[in-house]
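The values are calculated or read from the model by the stated rules, or taken from the named source; none is laboratory data. All of these numbers come straight from a predicted model, not from anything done at the bench. Here Cβ is always computed from backbone atoms with ideal geometry, including for glycine, and neighbour counts include all displayed protein chains.
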Amino acid sequence: MSYYQQHHSQFLEGLQAFLRIPSVSTLSEHKGDVRRAAEFVRDELRAAGMTTAELIEGNGNPLVYAEWLGAPGKPTILFYGHYDVQPPDPLDEWKSPPFEPQIRGDDIFARGSADDKGQVYIQIKAVEGLLKATGRLPVNAKFLIEGEEETGGDHIEAYVKSKPSRLRADAAVVCDTEMVSAELPTICIGLRGIVYGELWVEGADHDLHSGVYGGAAPNPLQALAEIVCALKDREGHIRIPGFYDGVLPPGPKEREAWARLPFNEEEYTHKEMGARELVGEPGVPLFERLWARPTFEIHGIRGGFTGQGAKTVIPARAMAKISTRLVANQRPEKAAEQLKAAIQAACPKGVTAEFRLIHMGAPSLTNPGNRFIHAAADAMKQVFGRETVYVRSGGSIPIVGIFEEYLGIPSVMMGFGLPDDNLHAPNEKFHLPNFFRGIESIGRYLEVLGK
Ligand code: BES
Ligand code: MN
Ligand code: MN
């Protein structure tokens, strides 16, 4: 029996301890928990046998850095993941408390179980297994684990920019994506980018009686609704001038491969999403809408009276959280400018509108024809016993573009989540068989690369 097989229960206990730390990066009351999670990762990396394992302080939550460089002449792999998690609300929809991990069937339920603590833990345990069993690694390894991925924080970008030589590697391994299904090993080669911000609309300088002033007073909520409706039509097509100029359509081979993926639209719509029907650009196949087309979304609207009963008021201001997802080759800076201009153009009389940027990240598209991706596909095939498939994802992981830009390295996205893991939602879970196969896959990957 291998080290990995002998340590299933220790791995599971360690994962549970990690999941118990409520490291919600967007809520300031969890600052201390966020730091505890960073320390947990550092201590685990040290115990695994990495020669260096330290916290890196800076503007934002600590980064965790670790290295083992005892294989001169062999490639160097930079492992990336994040220890921060999304807020757990709505709390009353969880079947077990979000920070008290519970195993039900083959799944472990907790906030961060799939996104991304379970997957960070896979990386750590894979390296631990090799170091404990053989005293060394087949390649050189560095870890850079961050604590503000979910909030689009800048700490990691500033660090990568300032320390390219310390982080020098041949490829990054990012475990933060998902597989097509539990049995089908999957490598993600494309991610969408994002521009996220607030849209502020202001009318009069104080709230007004809606009977006395209605008919003359500008209404910021109405104006906000008009603006967002002007940005996307009823068929899901974005109406920001020039927005689609940079959009690179998928090639025929990739399109065909997507059409061959096992997929049940009924299940996806009614079970996984719990929706009535799918929407979006007519005539554009689903995977293309999700992976290769930009989006515009509203995440929340605040303004006016939403309490119990009725209050007849014309509010002075309104705000919406909005974002657009970008695809290769759109550029976030340009998209943000186009969005701002479109907001101004759509702003009705009597109000002002302002877009306040919160964060942005570039889309990424990796050419799968490099040896680091081939080796990953091979390692996953060996562990799962099936041919590895290549997909893209609609989500965003800004570091992939940053590694490309500042370190000049490709990212190998070996993810072990599943489509129904409820990321960012109540009852997030991680499929335990994939947790263990993930550890084996990363271990095997390093062996393949070291040959
Ligand atoms: N791990 C996700 C992104 C993801 C999910 C990739 C599923 C592939 C499959 C990541 O933690 C995430 O949620 N990112 C944010 C980005 C951000 C800048 C806030 C996102 O996509 O909303
Ligand atoms: Mn993630
Ligand atoms: Mn996430």
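So, in region 140-163, exactly how many residues are surrounded by fewer than 24 Cβ atoms within 10 Å (Cβ to Cβ) and either under 20 Å from G70 (Cα atoms) or of a type in the set (A, V, I, L, M) (or both)?
Within region 140-163, residues that are surrounded by fewer than 24 Cβ atoms within 10 Å (Cβ to Cβ) and either under 20 Å from G70 (Cα atoms) or of a type in the set (A, V, I, L, M) (or both) number 4.
Taking E256 as meeting all but one of (1) free of Cβ contacts under 8 Å to residues at least 60 places away in the same chain; (2) part of a helix (DSSP H, G or I); (3) within 30 Å of S210 (Cα to Cα), write down the number of the exception.
(3) is the only condition that E256 fails.
Matching residues to (1) in contact with a Pro (Cβ under 7 Å, 6 or more places away or on another chain); (2) among the basic types (K, R); (3) touching a residue at least 60 places away in the same chain (Cβ under 8 Å); (4) in a helix (DSSP H, G or I):
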position: T306; (1), (2), (3), (4): no, no, no, no
position: M360; (1), (2), (3), (4): yes, no, yes, no
position: P368; (1), (2), (3), (4): no, no, yes, no
position: V391; (1), (2), (3), (4): no, no, yes, no
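Could you tell me whether region 101-113 includes any residue that is part of a loop (DSSP other than H, G, I, E, B) and farther than 30 Å from Q6 by Cβ?
Checked against the condition, which is being part of a loop (DSSP other than H, G, I, E, B) and farther than 30 Å from Q6 by Cβ, region 101-113 yields no hits at all.
So how many residues does region 77-119 have that are crowded, with 16+ Cβ neighbours inside 10 Å, of a type in the set (S, T, Y) and more than 20 Å from S28 (Cβ to Cβ)?
So the answer is 2.
Spot the failing condition for P368; the list is (1) of a type outside the set (V, I, T); (2) modelled with pLDDT of 95 or more; (3) touching a Phe, Trp or Tyr at 6+ places or on another chain (Cβ under 6 Å), and only one is missed.
Condition not satisfied by P368: (2).
Does any residue of region 75-85 turn out to be out of contact with any Phe, Trp or Tyr (no Cβ under 8 Å at 6 or more places or on another chain), assigned to a helix (DSSP H, G or I), within 16 Å of ligand 2 (Cβ to nearest atom) and touching a residue at least 24 places away in the same chain (Cβ under 8 Å)?
Among the residues of region 75-85, not one is out of contact with any Phe, Trp or Tyr (no Cβ under 8 Å at 6 or more places or on another chain), assigned to a helix (DSSP H, G or I), within 16 Å of ligand 2 (Cβ to nearest atom) and touching a residue at least 24 places away in the same chain (Cβ under 8 Å), which makes the answer no.
Quick one: is A71 in contact with a Leu (Cβ under 7 Å, 6 or more places away or on another chain) and under 30 Å from V383 (Cα atoms)?
Yes; evaluated as a whole, the condition is true for this residue.
S393 passes all but one of (1) among the polar types (S, T, N, Q); (2) surrounded by 22 or more Cβ atoms within 10 Å (Cβ to Cβ); (3) more than 25 Å from L15 (Cα to Cα); which number fails?
Condition not satisfied by S393: (2).
Go through region 422-451 and give me each residue that's in a loop (DSSP other than H, G, I, E, B) and surrounded by 24 or more Cβ atoms within 10 Å (Cβ to Cβ).
Answer for region 422-451, where residues must be in a loop (DSSP other than H, G, I, E, B) and surrounded by 24 or more Cβ atoms within 10 Å (Cβ to Cβ): just E428.
Restricting attention to region 134-143, does a residue exist that is in contact with a helix residue (DSSP H, G or I) (Cβ under 6 Å, 6 or more places away or on another chain) and either among the charged types (D, E, K, R) or within 16 Å of ligand 1 (Cβ to nearest atom) (or both)?
no
Quick one: which residue in K163, K125 is over 16 Å from R42 (Cα atoms) and either of a type in the set (K, R) or more than 16 Å from ligand 1 (Cβ to nearest atom) (or both)?
K163
If you take the residues of region 378-388 that are farther than 15 Å from P433 by Cα and crowded, with 20+ Cβ neighbours inside 10 Å, which of them is nearest to ligand 3 (Cβ to nearest atom)?
Result: T388.
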